[in-house]
Amino acid sequence: MSDQPVNFKDTLNLPSTDFPIRPTATTDDLRLLERWQQEKLYSSAMQAHEGKEKFILHDGPPYANGHIHLGHAYNKILKDIITKAYRMMGYHVPIIPGWDCHGLPIEHKVSEQNPGATPQEITRKCRAYAQEWVDVQREEFKKLGVVMDWDNPYITMAPDYEAKIVEAFALLVKNNVIERKNKTIAWCPSCATVLASAEIEYHDRKDPSLYVLFEMDTNDAKKLFPTIDKPIYFAIWTTTPWTLPLNRAILIKSNTQYDLLEVNGTYVIAGASRSEALAHLLKTEKKVVATISAEKLAQTHAYHPFVDNLTVPVIADESVGLDEGTACVHCAPGCGPLDYEVGVKNNLEIYSPVDPWGKYSRDIAPHELQGMPVSDGQIWVIKKLVEKNKLLHKASITHSYPHCWRCKHGLIFRATRQWFFNLQHVKERALEAVDTTINFLPEQGRSFLRATLESRWEWCLSRQRSWGAPIPALLCMHCDYAFTSFEFIMNVAHNIQKQGIEYWENVPVQEIMPPTLTCPNCTSSDFKKETDILDVWFDSGISHFAVLNPAPLTLSLSRGQSFPADMYLEGIDQHRGWFQSSLLTALVIEKQAPMKTIMTHGFTVDEKGQKMSKSLGNVIAPDDIIKKLGTDGLRLWVASIGHDGDAVVSETLLKNVSEVYRKIRNTCRVLLMNLYDYDHTQNAVPLEKLHPVDQYALHILNQLHTTIIQDYKQGNFTAIFHALADYCTTHVSALYVEVTKDRLYCDAADSHERRSVQTAMWYMLDTMTRLTAPILSFTAELISDQYQKNKQQSIHLQKFSEQVPVSQQDSILWDMLLEIRSAVLKAIEPYRAEGVIKQSLEAQVTVYLDPALKNYAVLEKFLDSLKKQGYSLANFLEDLFVVSQVTVTSSRNSLAESSLKGLYLRVEHAAGTKCPRCWKWSTKVDSQGLEPRCAQIVNKK
Ligand SMILES: [Zn+2]
Ligand SMILES: [Zn+2]
Ligand SMILES: [Zn+2]
């Protein structure tokens, strides 16, 4: 024997792999993306699952304007995770990405960049602009590893799709839900144009501040205040006297009290919380004659102060403010957006006799106002009020007022003819669908969608713009009567399918006008084309019809989808948007909700919970995260977020995600490293012959499998994130790898004991790789490249593994064994701290299992069966505790009770010497110091 200890390292089965510890995401990810492209991953997946049960996730279209932001990435990755998971469950999962292309933001940009361009040029340039961004975004989405039918997206500006939009509108017309009526909109009288909210600027402006008297109907007054024989007035406050001729109601605040005040001999009603301020303003003492509830006042009417024979209702409404004025508000539904809403809710006339240049038109009463600019109307009204003795008080006010972004003039609000989707009946059915047929993930989505539907009174479909699908109708040039019909619109739709919306722009009216058409109102036969276009929400809202519906009425666009979709998955803000527009249109067109499940997610926010925005400077781009964590890191971050909260991006969270990623990757790597000489087809141990620990490991693996598949089905990716992290840490690193080390590294390479571990590890690696593939799409592909010998197809074309058919393990028994294990480790700890034992293999443990031990009978039965299977009880426990020697005694003499009741232990330094090969201690060593097991292996070689 030489002095130099012999090196037995070469006789061990040391782990080995060339799979790197750290990902080289920048190169690997790009390489894989290219490979998937070459392998035609999406179409291969379609072919592979053709004919299987379908799972349809219908992609909501992002707007084709600008680079994708983190919110887009988050949404698309979620969709990718869920569709990949369903494919791996064996479903046929076609998914067609969409883009929303029409609408104001693009028209704006293009108009700004091309001043003086003709409408035709604008349309052409809008098309080019949107197409450019579709292409950019498509590449950006692909880079995230998202697998969709990128070559055949649905694009709302494609002539096919534009035709479907118009066809859907035709069907609404056929179903009698389209109507044309007044709506109050922001209007610039100097530009003579409507303004979108983005075009309105707010500036301070000085206006008159008037307190005007509306006399209560004498009969109502008698009923409410029988003792007062003088007129009773509502004191209303207004800063736009020109709108008083358009008054159609008085609003008061619901559920509050009102005072009847005596002011210099006049009886005046004002909100009780405002009467003090009113008295102060009028420089009198507050003299309350009576108090009365808003609900009682709401049953009354009042005479208009200067329009003859006009009586207006008093309406209690939540919207009335209590911090200025008198809590009695003048309501003119034809010239104020809030007044308009109250008007629609209460069936008031939307009265707006104002022409495009801001002059009173011919329907105005009093007649003498006809043709007068409303700016002069301000003065006229004040004079009239004074003359009629209805002006209680006059002052002026400087307040923030809407102005035109182009000409900087003050705006007015006026009602114009607009096209509406009448929600009267469909709303009820939508609420019913929300309550009964649609599933929500998370469940609280149900009440969000319900609330947004309930607060929706109408859907104005028309926009005074040019970049969008037309409303095919003809307008009488004399009386503004609108002609349209299902057949008329369908004819337009057919032509749009060939020529795009440009058809409507270009076609001469004579060519499309039915030859016999005359106006039923004025018998004129002079018609012009409607120039309003459809709301862009209508475009995306009918995607169920354009993309999902396999039985289109006339225009075939079917792409192997089916109606209804299994799932719509969008941000929570779509309760107000796409979910609603889709549901409402589908209930009329297909008579059914377009989705079975609505899954929602939150907004992407910074660590303070603030929404990311350019102005706050807290925007994080998807690329920023990819640079730090790799593409799979970004995808894992997506999975880590609960779907009922906001998607927070913070250093801490990203660190945690990267930690979990490292853990999963490392666990897979450890498994991979120990399978270097294992061929599953050759070396697998039959499951029933696996070592009990290995059987148990597979039992735990099966539990993980069940949980994760269930979580994928429910879109509960956070649970998957946590389950994987926990599995890798608790079950693999801290337990399984520890207790199998000796068998794996030191037993003979081809021994049953070692092959048994490898068999279990192969199942663990295979199951884990597949389970993580929908999320860690890149990593899983690379790992499967390693362990799948002769790999034929991408991991994303494979299925989740089946449960390993290992016999059911008794969890009571294994919980017990693990409790015993931790009690032993705990008992060794003090020796380690004192330096008596440097590592657990230097320990020997004597064990006595008292019948008082919990579940003793189960344990005893198991230990008996071990012997019957030919395992040494001592060996089993040595491996389980990772110590060199275990003796099980039949007496507790000289043993101490451990932290586990009924388990008695004695810990000592192991006897004998340390085997230089396996580091286990033994008293039976050979001349080289090897204990019998190692001696046998070494001598054989
Ligand atoms: Zn203007
Ligand atoms: Zn007419
Ligand atoms: Zn040894």
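Taken together, the values in this text are just the output of simple stated rules run on the coordinates, not laboratory data. What you see is a predicted model; the values in this text were computed from it and never measured. A quick note on method: Cβ atoms are made from the backbone with ideal geometry, for glycine too, and the neighbour counts reach across all protein chains shown.
Work out how much length Lys408 to Asn389 would gain on full extension: take 0.36 nm times their residue separation and subtract the Cα-Cα distance, in nm to one decimal.
Once the chain is fully extended between Lys408 and Asn389, it gains 3.3 nm.
Report ³J(HN,Hα) in whole Hz for each residue of region 610-618, in order, from the Karplus equation J = 6.51 cos²θ - 1.76 cosθ + 1.60 where θ = phi - 60°; Gly and Pro get x.
8, 4, 6, 8, 4, 5, 7, x, 10
Per-residue ellipticity at 222 nm for the chain, helices alone: DSSP H runs ≥ 4 residues times -39500 (n - 2.57), over residue total, nearest 500 deg cm²/dmol? Present the calculation step by step, with values, prior to reporting the outcome.
On the way: 30 runs with 372 residues, N = 941.
Estimated from H runs of four or more residues: -12500 deg cm²/dmol.
To the nearest 20 Debye, how big is the dipole of region 643-706 about its Cα centre, given +1 on the beta carbon of each Lys and Arg and -1 on that of each Asp and Glu?
Numbers: 6 positive and 8 negative charges, 37 e Å.
Charge dipole of region 643-706: 180 debye, to the nearest 20.
Going toward the positive end of the dipole of region 85-140, with +1 on Lys and Arg Cβ and -1 on Asp and Glu Cβ, which of Pro94, Pro115, Gln137 do you reach last?
Pro94
Given a cut-off of 23 Å, name the pairs among Lys914/Lys940; Lys76/Lys164; Lys174/Lys591 whose C-alpha atoms lie farther apart than that in the structure shown.
Working: Lys914/Lys940 21 Å; Lys76/Lys164 25 Å; Lys174/Lys591 13 Å.
As for pairs spanning more than 23 Å Cα to Cα, those are Lys76/Lys164.
List, in order, the whole-Hz ³J(HN,Hα) value for each residue of region 791-799 obtained from phi through the Karplus relation with A = 6.51, B = -1.76, C = 1.60 and θ = phi - 60°; use x for Gly and Pro.
4, 9, 9, 3, 4, 7, 9, 9, 9
Under 20 Å from a label point 7 Å along Cα→Cβ of Glu368: give me every residue in region 222-261 with its amide N that close.
241-247
Quick one: if the Förster radius is 41 Å, what FRET efficiency do Arg446 and His280 give, using the C-beta to C-beta distance and rounding to 0.05? Write out the running numbers ahead of the final one.
Numbers: r = 49 Å, r/R0 = 1.20.
Efficiency computed from Cβ-Cβ geometry: 0.25.
When the gyration tensor of the chain is built from Cα positions, what are the square roots of 5 times its three eigenvalues, in whole Å, from largest to smallest?
Working: eigenvalues 1157, 256, 102 Å².
Over the Cα atoms of the chain, the semi-axes work out to 76, 36, 23 Å.
With label points built 7 Å along Cα→Cβ from the Cα atoms of Ser525 and Glu295, find their separation and express it in nm.
Distance between the two pseudo-spin positions: 6.1 nm.
Rg to Rh ratio, region 296-392, alpha-carbon atoms and Kirkwood radius? Let's see the in-between values first.
Numbers: Rg = 14.4 Å, Rh = 14.9 Å.
Rg divided by Rh gives 0.96.
Give me the count of lysine pairs in region 304-424 whose alpha carbons sit under 27 angstrom apart, restricted to pairs 8 or more positions apart or on different chains. Write down the numbers at each step before the final one.
Working: Lys359/Lys383; Lys359/Lys384; Lys359/Lys388; Lys359/Lys390; Lys359/Lys394; Lys359/Lys408; Lys383/Lys394; Lys384/Lys394.
Lysine pairs meeting the criterion: 8.
Where does the charge balance sit around Trp578 when Lys and Arg score +1, Asp and Glu -1, over other residues with C-beta under 12 Å from its C-beta? Could the numbers behind the result be given before it?
Values: positive: Arg576; negative: Asp59, Asp100, Asp539, Glu570, Asp573.
With Lys, Arg at +1 and Asp, Glu at -1, the net is -4.
Of the cross-linked pairs Lys9/Lys838; Lys627/Lys663; Lys596/Lys791, which ones have a Cα-Cα span greater than 27 Å in the structure shown?
On the way: Lys9/Lys838 21 Å; Lys627/Lys663 19 Å; Lys596/Lys791 37 Å.
The pairs that break the limit, which is 27 Å between Cα atoms, are Lys596/Lys791.
Label points 7 Å out from Cα along the Cβ direction at Lys689 and Ser807: separation in nm?
Between Lys689 and Ser807, the label points sit 1.5 nm apart.
Hey, how many Å between the Cα centroid of region 40-55 and the Cα centroid of region 233-263?
What the calculation gives is 66 Å, centre to centre.
For labels at Val509 and Gln257 in the simple 7 Å Cα→Cβ model, what's the distance in nm?
Using points 7 Å along Cα→Cβ, the separation is 6.2 nm.
Rounded to two decimals, what is Rg over Rh for region 559-680 when you use alpha-carbon atoms and the Kirkwood radius? Each step should come with its number before you reach the end.
Numbers: Rg = 20.1 Å, Rh = 17.7 Å.
So for region 559-680, dividing Rg by the Kirkwood Rh gives 1.14.
For each pair in Lys79/Lys799; Lys868/Lys920; Lys52/Lys713; Lys40/Lys84, compute the distance between the two Cα atoms and list the pairs where it is over 21 Å. Let's see the in-between values first.
Details: Lys79/Lys799 18 Å; Lys868/Lys920 26 Å; Lys52/Lys713 17 Å; Lys40/Lys84 15 Å.
Pairs exceeding 21 Å: Lys868/Lys920.
Any idea what the dipole of the chain comes to, in debye rounded to 20, about its Cα centre with Lys/Arg Cβ at +1 and Asp/Glu Cβ at -1? Numbers along the way, then the final one.
On the way: 100 positive and 110 negative charges, 153 e Å.
Here the size comes out at about 740 debye.
Which of the aspartates and glutamates could be linked to Lys109 by a straight reach, that is with a Cα gap under 14 Å, when you skip same-chain ones fewer than 8 residues away?
Candidates past the 8-residue exclusion: Glu121, Glu132, Glu199.
Less than 13 Å Cβ to Cβ from Trp242, Lys/Arg counted +1 and Asp/Glu -1: what total charge do the surrounding residues give?
On the way: positive: Lys359, Lys383, Lys384, Arg414; negative: Asp207, Asp376.
Net of charged neighbours comes to +2.
Can you tell me how much longer the chain between Thr266 and Ser485 gets when fully stretched, taken as 0.36 nm per residue apart minus their C-alpha distance, in nm with one decimal? All intermediate terms of the calculation are to be shown ahead of the outcome.
Details: separation 219, 0.36 × 219 = 78.84 nm, distance 5.76 nm.
So the extension gain works out to 73.1 nm.
Calculate the FRET efficiency for Trp150 and Glu349 from the Cβ-Cβ distance with a Förster distance of 51 Å, rounded to the nearest 0.05. Mind dumping the intermediate values first?
Details: r = 52 Å, r/R0 = 1.02.
Once the sixth-power term is evaluated, E becomes 0.45.
How big is the Rg/Rh ratio for region 764-806, C-alpha atoms only, Rh by Kirkwood, two decimals? Let's see the in-between values first.
Values: Rg = 9.8 Å, Rh = 10.4 Å.
Over the Cα atoms of region 764-806, Rg/Rh equals 0.94.
How much length would be gained if the chain were fully extended between Ser927 and Ala117, taking 0.36 nm per residue of separation minus their Cα-Cα distance, in nm to one decimal? Could you put the intermediate results ahead of the total?
Values: separation 810, 0.36 × 810 = 291.60 nm, distance 9.77 nm.
So the extension gain works out to 281.8 nm.
Averaging the inverse of every distinct alpha carbon separation and then flipping it gives the Kirkwood radius. What is it for region 626-759, in angstrom units? It would help to have the intermediate numbers written out before the result.
Working: mean 1/r = 0.0604 Å⁻¹.
It works out to 16.5 Å.
Summing Lys, Arg as +1 and Asp, Glu as -1, what charge do residues with Cβ under 11 Å from the Cβ of His67 carry, His67 excluded? List each step's numbers first, then the result.
Working: positive: none; negative: Glu139, Glu140, Asp623.
After counting each charged neighbour, the total is -3.
Below 25 Å, Cα to Cα, which lysines can Lys861 reach? Residues fewer than 8 away in the same chain don't count.
Within reach: Lys689, Lys901.
What aspartates and glutamates does Lys741 reach when the alpha-carbon gap must be under 18 Å and sequence neighbours fewer than 8 apart in one chain are set aside?
Excluding near neighbours in sequence, the set is Asp10, Asp677, Asp694, Asp750, Glu753, Glu842, Glu878, Asp879, Glu931.
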